[in-house]
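A.B. asks: To start, I am sharing the structure in question, which I have written as structure tokens.
The values are calculated or read from the model by the stated rules, or taken from the named source; none is laboratory data. A quick note: this is a predicted structure, and the numbers were derived from the prediction, not measured. Positions of Cβ are backbone-derived with ideal geometry, glycine not excepted, and every protein chain shown enters the neighbour counts. Surface areas here come from the heavy atoms of the whole protein model, side chains and all, with no ligands, DNA or RNA. Shrake-Rupley method; radii C 1.70, N 1.55, O 1.52, S 1.80 Å.
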Amino acid sequence: MPASSLDTIVSLSKRRGFVFPSSSVYGGLGSTWDYGPLGVELKNNVKRAWWRSVVHERDDMEGLDAAILMNRLVWKYSGHEDTFSDPMMDCRACKTRPRADHVFAAQKGREPHGLDEINAAIAAREIACPSCGSHDLTPARPFNLMFRTTVGPVDSGDESALVYLRPETAQGIFVNFGNVLDTMRRKLPFGIAQVGKAFRNEITPGNFTFRTREFEQMEIEYFVRPGEDEAAHEMWIAERTKWYLSLGMKPENLRAREQDRSELAHYAKRCVDLEYRFPMGFSELEGIANRTDFDLRSHSRSPGNPDAIGELQYYDPEQKKHLVPYVIEPSAGADRATLAFLCDAYEDALVKEPPQEETAKLRDLVETLARSVGRREGMASDVKQRLTASAEAIAAGLPGTLPQLIGLMADEAAAGIEVMKKVRGVGERMAEEHTRTVLHLHPRLAPLCVAVFPLKRNDPRLVEMARGLKRDLQRAGLRSVYDDTGAIGKLYRRQDEIGTPWCVTVDYQSLEDRTVTLRDRDSMKQERLGTSELASSVSARLA
Ligand code: GAP
């Protein structure tokens with residue numbers, strides 16, 4: 001079964017070195033995460049696959065790596081200083097700070113028309129605090145999401161040294177439009193791609209790495225003649241959808257959703273979101289917007305922008321005139337894509353029936369857990385209901401529901417319940433022995449490509465041959481590891497859990513005829529291959 005909750009993915013990520021809470025030795029920093037040894041490989045593979053698809057495999061694209069810190073004027077003329085904000089209000093009763101537009105929409109059943117309408121509703125006591133129900137709310141104020149810092153050794157106190165950490169990589173591309181055009185002698189249509197960090201002081205970060213304050217974007221600005229923008233938009237919607245599917249994402253988990261007018265950013269004529277079915281529901285993975293000529297015009301010298309030094313235009317040799325190109329922007333999140341691929345790849349299943357008495361013991365414990373949750377004070381009623389229903393269903397379905405129990409054991413809401421320790425004591429051991437967790441990651445995304453094991457770690461001949469094979473595979477450009485820290489069955493399961501597509505075992509026959517077994521993660525089938533053809537055979541499967 002797929003991951004039933006994000007907690008299952010968070011738990012696997014921490015346990016197996018994909019993602020750790022950031023600065024955890026000091027208690028962490030809310031909603032910031034560090035990619036561990038396997039996570040960095042996975043995310044790098046996602047970024048590499050994206051770059052290969054949108055830059056190397058196309059003839060109409062260039063790459064760029066612009067600075068994070070830019071002249072503040074970039075953000076003035078892009079509109080971010082004025083408009084990149086969320087309206088916030090304070091509840092005087094419970095001291096929370098909810099997003100006023102979300103509260104308005106939820107309680108009045110429609111989007112508000114600007115701050116004035118929200119504040120009129122607050123003054124008329126038509127909307128209430130979503131946490132405590134009080135109407136004692138301050139007027140809503142815009143809260144800018146850009147992080148501020150200063151350049152130079154002295155913070156002079158005024159705003160002359162103020163710069164922002166970029167909230168999108170896109171502006172670095174727009175302000176380099178002329179540089180790329182001139183140096184690469186490009187003709188329309190062409191695009192510029194960039195991968196890099198972006199920062200937003202999000203009001204409500206959460207859902208693991210889905211919404212954070214520091215994240216990476218993979219953005220394309222694709223420049224076309226006005227009038228050719230709509231066809232280019234359709235082309236990119238199709239291309240980007242194909243990319244996710246080509247890397248194994250299940251089609252039923254991916255959908256395109258047209259943004260309605262009230263959702264459109266100030267610069268967009270149209271935007272289609274590619275959404276993934278995360279455990280918390282369909283949510284944005286990538287936005288593909290038609291930004292028209294808004295940005296190139298905004299950064300061009302004009303009566304409205306006396307600070308720009310020139311005009312960001314294109315001389316069209318066919319029409320023999322200057323024009324301002326329109327822009328199609330497929331804007332993806334590297335962290336969101338990585339999380340989506342992880343969720344999509346996750347599967348756990350019962351592979352062996354446990355003895356009846358063990359199942360009965362676990363059933364008793366899970367039933368006790370369901371009752372303890374029901375009696376628990378101070379737990380929100382929706383969480384209580386969810387945990388109770390989940391524990392009751394698992395208890396009734398054991399041992400077939402052992403994989404779901406893995407999710408429940410990882411659920412942070414259930415962590416403080418006393419009997420959970422006992423459930424874990426029995427459940428984790430049974431899950432280890434009787435279930436198999438697999439990440440069916442596309443081989444090009446998997447953190448490791450091949451794991452090589454000696455059948456026995458105390459036989460130097462097997463160890464030497466296995467280590468040598470690992471080196472040969474690595475030299476062939478295949479990310480490989482050597483492992484001898486357990487029995488072969490256990491080593492296979494460890495590699496399944498982190499998504500390694502192939503395992504190689506060196507046994508006694510290998511010493512005689514220089515063949516090894518190659519085991520496939522998904523089919524679990526094994527075949528015998530000569531060591532001389534191992535690297536080329538794995539490379540061929542990877543292509
Ligand atoms: N240049 C356009 C732009 O930045 P966006 O929809 O705000 O558009 C594009 O962001 C993508 O960046 C999103 O689809 C998402 O994948 C990613 N993203 C945005 N905010 C994020 C956040 N707080 N945490 C993680 N990823 C985020």
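A.B. asks: Test of understanding: among LEU469, LEU448, LEU408, LEU473, which residue is surrounded by 19 or more Cβ atoms within 10 Å (Cβ to Cβ) and assigned to a loop (DSSP other than H, G, I, E, B)? Steps first, answer last, please.
C.D. replies: Values: LEU469 fails: assigned to a loop (DSSP other than H, G, I, E, B); LEU408 fails: assigned to a loop (DSSP other than H, G, I, E, B); LEU473 fails: assigned to a loop (DSSP other than H, G, I, E, B).
Selected residue: LEU448, the only one of LEU469, LEU448, LEU408, LEU473 that is surrounded by 19 or more Cβ atoms within 10 Å (Cβ to Cβ) and assigned to a loop (DSSP other than H, G, I, E, B).
A.B. asks: Another question, if that's okay. Hey, can you tell me all the residues within the range 320-337 that are acidic (Asp, Glu) and either closer than 17 Å to GLU41 by Cα or not in a strand (DSSP E or B) (or both)?
C.D. replies: Filtering the range 320-337 down to residues acidic (Asp, Glu) leaves 329, 335.
Correct list: ASP335 only.
A.B. asks: Okay, moving on. Can you tell me which residue among ALA340, ALA349 is in contact with a strand residue (DSSP E or B) (Cβ under 7 Å, 6 or more places away or on another chain), part of a strand (DSSP E or B) and under 30 Å from GLU252 (Cβ atoms)? Explain how you work it out, then say what you get.
C.D. replies: On the way: ALA340 fails: part of a strand (DSSP E or B).
After ruling out the rest, the residue left standing is ALA349.
A.B. asks: Mind checking whether some residue in the range 285-296 is under 24 Å from the mean Cα position of the chain (by Cα), over 26 Å from VAL175 (Cβ atoms) and within 14 Å of the ligand (Cβ to nearest atom)?
C.D. replies: Yes, because at least one residue in the range 285-296 is under 24 Å from the mean Cα position of the chain (by Cα), over 26 Å from VAL175 (Cβ atoms) and within 14 Å of the ligand (Cβ to nearest atom).
A.B. asks: Kindly indicate whether ALA345 is at pLDDT 95 or above, of a type in the set (A, V, I, L, M), under 22 Å from HIS233 (Cα atoms) and surrounded by 21 or more Cβ atoms within 10 Å (Cβ to Cβ).
C.D. replies: Numbers: at pLDDT 95 or above: yes; of a type in the set (A, V, I, L, M): yes; under 22 Å from HIS233 (Cα atoms): no; surrounded by 21 or more Cβ atoms within 10 Å (Cβ to Cβ): yes.
When the stated conditions are applied, ALA345 does not pass them.
A.B. asks: Among SER331, SER298, which is within 18 Å of GLY178 (Cβ to Cβ) and in contact (Cβ under 8 Å) with a residue 60 or more places away in the chain? Can you show your working first?
C.D. replies: Values: SER331 fails: within 18 Å of GLY178 (Cβ to Cβ).
Matching residue, one of SER331, SER298: SER298.
A.B. asks: Just give me the residues in the range 372-393 being touching a helix residue (DSSP H, G or I) at 6+ places or on another chain (Cβ under 9 Å) and small (Gly, Ala, Ser), in sequence order.
C.D. replies: Matches in the range 372-393: SER372, GLY374, ALA380, ALA389, SER390, ALA391, ALA393.
A.B. asks: Restricting attention to the range 508-521, and to residues there that are of a type in the set (D, E, K, R) and surrounded by 18 or more Cβ atoms within 10 Å (Cβ to Cβ), which single residue is farthest from LEU12 (Cα to Cα)?
C.D. replies: Going residue by residue through the range 508-521, those that are of a type in the set (D, E, K, R) are 512-514, 519-521.
When the remaining residues are screened for being surrounded by 18 or more Cβ atoms within 10 Å (Cβ to Cβ), the result is 519, 521.
Values: ARG519: 23, ARG521: 18 Å.
So the residue we want is ARG519.
A.B. asks: Right, here's the next one. Would you pick out the residues in the range 21-52 that are hydrophobic (A, V, I, L, M, F, W, C) and at pLDDT below 95?
C.D. replies: If we filter the range 21-52 for residues that are hydrophobic (A, V, I, L, M, F, W, C), which is where we start, we get 25, 29, 33, 38, 40, 42, 46, 49-51.
Selection gives VAL25, LEU29.
A.B. asks: Can you name the number of the only condition in (1) open to solvent by less than 50 Å² (accessible area, probe 1.4 Å); (2) on the phi > 0 side of the Ramachandran plot that ASN119 fails?
C.D. replies: Condition not satisfied by ASN119: (2).
A.B. asks: Hey, among the residues in the range 324-341 that are open to solvent by 10 Å² or more (accessible area, probe 1.4 Å) and more than 14 Å from the ligand (Cβ to nearest atom), which one's farthest from the chain's Cα centre (by Cα)?
C.D. replies: So the residue we want is VAL324.
A.B. asks: Out of (1) more than 18 Å from GLU329 (Cα to Cα); (2) within 22 Å of the chain's Cα centre (by Cα); (3) loosely packed, with under 13 Cβ neighbours inside 10 Å, the odd one out for ASN207 is which?
C.D. replies: Checking ASN207 against (1) more than 18 Å from GLU329 (Cα to Cα); (2) within 22 Å of the chain's Cα centre (by Cα); (3) loosely packed, with under 13 Cβ neighbours inside 10 Å, the one that fails is (3).
A.B. asks: Please verify whether THR500 is modelled with pLDDT under 95 and under 24 Å from GLY248 (Cα atoms), treating the condition exactly as stated. Show your work before the answer.
C.D. replies: Numbers: modelled with pLDDT under 95: no; under 24 Å from GLY248 (Cα atoms): yes.
The answer is no for THR500.
A.B. asks: Determine if the range 166-177 includes at least one residue that is surrounded by fewer than 18 Cβ atoms within 10 Å (Cβ to Cβ) and not β-branched (Val, Ile, Thr). Break it down into steps so the answer makes sense when it comes.
C.D. replies: The initial filter retains those residues of the range 166-177 that are surrounded by fewer than 18 Cβ atoms within 10 Å (Cβ to Cβ), namely none.
No, the conditions are met nowhere in the range 166-177.
A.B. asks: Next up: With (1) more than 14 Å from the ligand (Cβ to nearest atom); (2) out of contact with any Pro (no Cβ under 7 Å at 6 or more places or on another chain) as the list, and ALA268 as the residue in question, which single condition is left unmet?
C.D. replies: (1)
To keep it simple, each residue is scored yes or no on (1) more than 10 Å from the ligand (Cβ to nearest atom); (2) in contact (Cβ under 8 Å) with a residue 12 or more places away in the chain; (3) exposed (fewer than 15 other Cβ atoms within 10 Å of the Cβ).
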{"site": "PHE190", "(1), (2), (3)": "yes, yes, no"}
{"site": "GLY196", "(1), (2), (3)": "yes, yes, no"}
{"site": "ARG211", "(1), (2), (3)": "no, yes, no"}
{"site": "GLU214", "(1), (2), (3)": "no, yes, no"}
{"site": "GLU221", "(1), (2), (3)": "no, yes, no"}
{"site": "VAL224", "(1), (2), (3)": "yes, yes, no"}
{"site": "ASP229", "(1), (2), (3)": "yes, yes, no"}
{"site": "HIS233", "(1), (2), (3)": "yes, yes, no"}
{"site": "LYS242", "(1), (2), (3)": "yes, no, yes"}
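A.B. asks: Let me ask something additional. Quick one: count up the residues across the range 136-165 that are away from the ligand (no atom under 16 Å from the Cβ), open to solvent by less than 60 Å² (accessible area, probe 1.4 Å) and closer than 30 Å to PHE104 by Cα.
C.D. replies: Looking only at the range 136-165, we keep the residues that are away from the ligand (no atom under 16 Å from the Cβ), and these are 136-142, 148-163.
So of that shortlist, the ones also open to solvent by less than 60 Å² (accessible area, probe 1.4 Å) come out as 137-138, 140, 149-150, 152, 161-163.
Next, only the ones that are closer than 30 Å to PHE104 by Cα stay: 137-138, 140.
Qualifying residue count, the range 136-165: 3.
A.B. asks: Test GLU168 against the stated conditions and say whether it is within 13 Å of the ligand (Cβ to nearest atom) and among the acidic types (Asp, Glu). Please lay out each step first, then the result.
C.D. replies: Numbers: within 13 Å of the ligand (Cβ to nearest atom): yes; among the acidic types (Asp, Glu): yes.
Criteria met by GLU168.
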